[in-house]
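Enquirer: Next up is a structure, given as structure tokens.
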């Protein structure tokens, strides 16, 4: 599980790269779960929430940039 403090310390580039990596990992996990089942299926839920946290931070940063340019 990724902590929000860790996410906030990432640069924009690192954040974008991490989103891609986490999405790929989630897709692979979901595929493996479909084929053979996972030992702990709750890992899918955790991965999905991690991706949501990353996307939330990315969105809030982009909104902050837009707000600062409009002010």
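Bear in mind that the values in this text are calculations on the coordinates, not laboratory data. Just so it is clear, the structure is predicted and the values come from calculations on it, not from any experiment. Methodologically, a virtual Cβ is constructed for each residue, glycine included, from the backbone with ideal geometry; neighbour enumeration extends over all protein chains shown.
Enquirer: If each residue's Cβ is checked for other Cβ atoms within 10 Å, how do 40, 56 rank with the fewest at the top?
Expert: Ascending Cβ contact count within 10 Å gives the list 40, 56.
Enquirer: Something else now. Rounded to the nearest 10 degrees, what's the angle between the helix 42-70 long axis and the longest principal axis of the chain, both from Cα atoms, 0 to 90?
Expert: So the helix axis and the longest Cα principal axis differ by about 10 degrees.
Enquirer: How high is the relative contact order of the chain, given as a whole-number percent (alpha carbon pairs under 8 Å, six or more residues apart)?
Expert: Relative contact order here is 46 percent.
Enquirer: To continue, here is another question. In deg cm²/dmol and to the nearest 500, what is the mean residue ellipticity at 222 nm of the chain if only DSSP H runs of at least 4 residues count, each as -39500 (n - 2.57), divided by the residue total?
Expert: -28000 deg cm²/dmol, from helical runs alone.
Enquirer: Additional query: Please arrange 57, 17 by how many other C-beta atoms lie within 10 Å of their C-beta, fewest to most.
Expert: Ranking 57, 17 by Cβ neighbours within 10 Å, fewest first, gives 17, 57.
Enquirer: Report the label-to-label distance for residue 42 and residue 16 in nanometres (one decimal), using points 7 Å from each Cα along the Cα→Cβ vector.
Expert: In this crude spin-label approximation the distance works out to 3.5 nm.
Enquirer: Moving on to the next point. What's log10 of I(q)/I(0) for the chain at q = 0.12, 0.22, 0.23 Å⁻¹, Debye sum over Cα points only, no solvent?
Expert: Debye intensities relative to I(0), on a log10 scale: -0.39, -0.93, -0.98.
Enquirer: Moving on. Of the residues 38, 54, 15, which exhibits the maximal mean-square fluctuation in a Gaussian network model of the chain defined by a 10 Å Cα contact cut-off?
Expert: 38
Enquirer: Pairing the Cα long axis of helix 12-35 with the longest principal axis of the chain, what angle in degrees results, from 0 to 90 and rounded to the nearest 10?
Expert: Taking the Cα atoms of the chain, the angle to 12-35 is about 20 degrees.
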